[in-house]
Amino acid sequence: MSRIEDELRVALRPEEPAPDFTNRVMARISALPLEREEEQSKKQPGWRERLAEFFQPVRIKWAVAGAMLSLLMIATIGTYRHYERQRMTAELAEGERAKEQVMLAMKIASAKLNVAQRKVQDNAEK
Amino acid sequence: MQWPKSAANPVDVIDDTLARAKNGDQAAFADLVRVHQAMVFSLAHRFFRDRAFAEDLAQEVFLHLYQNLAAIESPSHLKFWLRKVTSHRCIDYSRRRKVQTVSVDEAPEPMSIFDLPDAMMHSTLRRIVATLPEKPRLVVTLRYQEDLDPTEIAKILEMPLNTVKSHLRRSLAILREKITRCLGEIEV
């Protein structure tokens, strides 16, 4: 044990607070239940207060804003889905048209090939 | 706090006082405050070097104790709880409030420690302890005010044992160096 440690022990000996310290603590404790009750009544309003609070103008404004926002979202989603369905129908119709054109082109090509084949056969026979 | 003379063992008396306080006996709680107020107040006072602020903090600690008395299991647990809560509050409050520390360089430099009365020597030591950073200051206070070993300090401050030991080692080196500078060439 070094000397500085011995000196620290003496220098840092616990000292008492002011003589009325305990009384002041007890006075604050006596005031505590009142404070706690007030805090609790502030923290936990009854159902009547909560209902009345809900219908306060500020609350109603927020409720209306929420409802409007929900309606707007539903309308946006509906419109998007409607346009998406229309786009898909148009794409299908276009696909059908393209298919018909391809089939027609193939028929024409086949007819021309038949004509050409006949001519080749006629020339071979001669 | 003076315990009744009939009490054979002060620990049993505190145990009984604690039990009565837990049952809502205000006088018993006041006794608990009286027994532990010096410890709580001194921890805060060593930390902040401000009597009024230390008393406020100590009051807060006892109010907190009153509200959490049901969780206290024994007199030793009560001491541990008070030390822990006070230490943590000191750190929290010092972060909210700019702590005024005294610079030892501003202190007058006497010729030799042997020319000084003990009171001055101890007051210089307390002032130098107040210049340590917050965690080492708490470690030193718990070690030398409360006479706790590093393991107990580590539990209270929730820090690794090696950190406590290194804070102690470094703080003692700083204290030696500063006290030598402050008080002249002496062996401490």
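The values are calculated or read from the model by the stated rules, or taken from the named source; none is laboratory data. Nothing here was measured: the structure is a model prediction, and the numbers come from that model. Here the Cβ positions follow ideal geometry from the backbone for every residue, glycine too, while neighbour counts run over all protein chains shown.
Quick look at the values:
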read-out: Yes/no for B:ILE179 being assigned to a helix (DSSP H, G or I), within 16 Å of the chain's Cα centre (by Cα) and either facing another protein chain (nearest Cβ under 10 Å) or crowded, with 19+ Cβ neighbours inside 10 Å (or both); value: no
read-out: Criterion violated by B:MET159 - all others in (1) among the hydrophobic types (A, V, I, L, M, F, W, C); (2) in a helix (DSSP H, G or I); (3) surrounded by fewer than 17 Cβ atoms within 10 Å (Cβ to Cβ) satisfied; value: (2)
read-out: All positions within the range A:24-49 that are modelled with pLDDT of 70 or more and over 27 Å from B:GLN26 (Cα atoms); value: A:GLY46, A:TRP47, A:ARG48, A:GLU49
read-out: Single residue of the range B:66-86 satisfying the filter (within 14 Å of chain A (Cβ to nearest Cβ) and in contact (Cβ under 8 Å) with a residue 40 or more places away in the chain) that is farthest from B:LEU148 (Cα to Cα); value: B:LEU69
read-out: Scan of the range B:21-65 for residues that are aromatic (Phe, Trp, Tyr) and either at the interface with chain A (Cβ under 9 Å from one of its Cβ atoms) or out of contact with any Lys or Arg (no Cβ under 7 Å at 6 or more places or on another chain) (or both), ordered by number; value: B:PHE29, B:PHE41, B:PHE48, B:PHE53, B:PHE62
read-out: Residue check, B:ARG89 within 21 Å of the chain's Cα centre (by Cα) and within 12 Å of chain A (Cβ to nearest Cβ); value: no
read-out: Pairs with Cβ under 6 Å, 6+ apart, first in the range A:2-16 and at the interface with chain B (Cβ under 7 Å from one of its Cβ atoms) and β-branched (Val, Ile, Thr), second surrounded by 12 or more Cβ atoms within 10 Å (Cβ to Cβ) and not in a helix (DSSP H, G or I); value: A:ILE4/B:VAL188
